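Worksheet: one structure, shown below.
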Amino acid sequence: MREIDKKRKQSSGEPSGVGLFAKKSRTSSKVTELEIKVIAGSGHTFFYIKGDGEDKLYVCGWNKYGQLGLGDTTDRGQWTEVTSPKEFTIEEVVAGDDHAFLKGKDVNGEDTLYALGFNRYGQLGLGDTTDRDQWTELTMSNGFTIEEAIAGLHHNFLKGKGKDGEDKLYACGWNKYGQLGLGDRRNRYKWTEVPSPKEFTIEEVISGYTHSFLKGKGKNGQDILYACGRNDSGQLGLGAERNRQKWTRVPFPNGFTIEKVMAGGYHSFLKGKGKDGEDKLYACGNNYNGQLGLGRDNEDRTQFTEAPLPEGFNIEKVIAGENHSFLKGKGERGEDKLYACGWNRCGELGLGDTTDRGQWTEVTSPQGFSLEKVIPGLYHSFLKGKGKDGEDTLYATGDNSAGQLGLGDRRRRNKWTEVPVADLLKKLQEDVNDRKQEGGVSEASGSSGFSMGLNPRDCMF
């Protein structure tokens, strides 16, 4: 099933990174709020913190192609600080399989995009196939305003506006299955404009492993969904297992209102409301590991099929990894609830074992932990939330063969294990306080969130 099977070459020892904990602690005032993001790639992870005019970016994990942005190809088993491009303000970090983007503003407030990592298929949009181990600036079309960067396995999209305010979509990278929506199977090494379907307004671009969706509105304001790319497991929801090179309209149940589309490795979900306003979840694609929540019956679904929700559960989000899935929501009493299903050979479901699940199975959250976000990588997963005293807290489980859990070792976990990030947060707070002492910085009003990269590769045993 997997087209690309790269072997991970583990590094011996840990290289010296930026000295994170060399400073002695100082008395510091409280930072009111931080923006904290975790971005999971295939075997690597980014941890981004921002507050009161200061920001820091840390990385750990697999680095064969330079995807950590540290100027080398040595794995890191501990959080290591990354130097951001000069005179650049980070807005988003986006991770694909073994590549990544930084979206933000330059010193003049202009949209700017940097890329690094694996580039065999031109997925960095730099016009060549040379890997990059340092952040490299991309040249965009004149007048194009970037709204969002979306990363798949080895293909990417940029959604934004043209110089006259019109919707624009660009793509680059691997196109073997037609996943760029350009009507052919040729790879693109430069950002290439993607024609949108007629009388259609794009609201969201969703990228899976090798398949893609466009969610938006028709001329009369009706919900419309288009798909293209790989479909050998029925992951496009088109009722057949034939790949599509052009955007093809996807049928969905009458009376169903789409709220969210999620694309995993070889499977997809639609979350929304039924005709009477009730929560509904539909799934299609590969179900070999039970990742659709329909029972592990080894039967692909080529059309979007209703996936029954756990009894008494109010769904808020559905999250798709390569071959595993999560449901986040509330129970009958308003308490946090988390369910998981699918592939679990590396313990990525956090259930305390390595047995796959074909049905939605409740995940026990750490005691005193309030869940905010779920982030699946390839064979590892994170939970972001608040501890019992309201402190920002991060937990991880799953594959850790390259140190991608940020736990300081390479031992796999099958239970949610707290990731030590307090010192990273403290260091940012100290820098903020230094700036305040030098000349007054206003308090932050940030938010918390995550991004996800879809990165199918076999778990290494």
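Numerical summary
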{"read-out": "Single match in GLY66, GLY17 (criterion: modelled with pLDDT under 80, small (Gly, Ala, Ser) and touching a Phe, Trp or Tyr at 6+ places or on another chain (Cβ under 9 Å))", "value": "GLY17"}
{"read-out": "Check on ASN298, at pLDDT below 95 and either on the phi < 0 side of the Ramachandran plot or polar (S, T, N, Q) (or both)", "value": "yes"}
{"read-out": "Residues of the range 65-79 satisfying the condition of being closer than 15 Å to ARG410 by Cβ and crowded, with 20+ Cβ neighbours inside 10 Å", "value": "ASP75, ARG76, GLY77, TRP79"}
{"read-out": "Residue in the range 22-37 that is at pLDDT below 95, surrounded by fewer than 20 Cβ atoms within 10 Å (Cβ to Cβ) and either in contact with a Pro (Cβ under 9 Å, 6 or more places away or on another chain) or among the aliphatic types (A, V, I, L, M) (or both) present", "value": "yes"}
{"read-out": "ARG435 vs. criteria in contact (Cβ under 8 Å) with a residue 40 or more places away in the chain, out of contact with any Ser or Thr (no Cβ under 9 Å at 6 or more places or on another chain) and over 18 Å from LYS37 (Cβ atoms)", "value": "yes"}
{"read-out": "Every residue from the range 374-395 that is touching a residue at least 60 places away in the same chain (Cβ under 8 Å), part of a strand (DSSP E or B) and small (Gly, Ala, Ser)", "value": "SER381"}
{"read-out": "LYS271 within 16 Å of TYR339 (Cβ to Cβ) and free of Cβ contacts under 8 Å to residues at least 60 places away in the same chain", "value": "yes"}
{"read-out": "Lone unmet requirement of (1) more than 25 Å from MET262 (Cα to Cα); (2) of a type outside the set (Lys, Arg); (3) assigned to a loop (DSSP other than H, G, I, E, B); (4) in contact (Cβ under 8 Å) with a residue 24 or more places away in the chain for ASP423", "value": "(3)"}
{"read-out": "Selection from the range 123-133 of residues that are outside any loop (DSSP other than H, G, I, E, B) and either more than 21 Å from the chain's Cα centre (by Cα) or of a type in the set (Ser, Thr, Tyr) (or both)", "value": "LEU126"}
{"read-out": "Top-ranked residue in the range 98-122 [being in a loop (DSSP other than H, G, I, E, B) and either of a type in the set (S, T, N, Q) or modelled with pLDDT of 95 or more (or both); ranked as surrounded by the fewest Cβ atoms within 10 Å (Cβ to Cβ)]", "value": "ASN108"}
{"read-out": "Residue check, GLU204 acidic (Asp, Glu), closer than 18 Å to LYS103 by Cα, surrounded by fewer than 21 Cβ atoms within 10 Å (Cβ to Cβ) and modelled with pLDDT of 95 or more", "value": "yes"}
{"read-out": "Sole exception among (1) surrounded by 22 or more Cβ atoms within 10 Å (Cβ to Cβ); (2) in a loop (DSSP other than H, G, I, E, B); (3) of a type in the set (S, T, N, Q) for SER233, by number", "value": "(1)"}
{"read-out": "Residue satisfying all of: in the range 134-149; among the small types (Gly, Ala, Ser) and outside any strand (DSSP E or B); farthest from ASP75 (Cα to Cα) among these", "value": "GLY143"}
{"read-out": "Any chance GLY285 is closer than 24 Å to PHE256 by Cβ, modelled with pLDDT under 95 and not acidic (Asp, Glu)", "value": "no"}
{"read-out": "Single residue of the range 126-169 satisfying the filter (at pLDDT 95 or above and of a type in the set (S, T, N, Q)) that is surrounded by the fewest Cβ atoms within 10 Å (Cβ to Cβ)", "value": "THR130"}
{"read-out": "Residues (out of contact with any strand residue (DSSP E or B) (no Cβ under 7 Å at 6 or more places or on another chain) and of a type outside the set (Asp, Glu)) located in the range 215-234", "value": "LYS219, ASN220, GLY221, GLN222"}
{"read-out": "Subset of the range 269-322 that is over 17 Å from GLU362 (Cβ atoms) and of a type in the set (S, T, N, Q) - its residue that is surrounded by the most Cβ atoms within 10 Å (Cβ to Cβ)", "value": "ASN287"}
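The values are calculated or read from the model by the stated rules, or taken from the named source; none is laboratory data. Everything numeric here is computed off the predicted structure, so don't read it as measured data. Cβ sites come from the backbone with ideal geometry, for glycine too, and all protein chains shown count toward neighbours.
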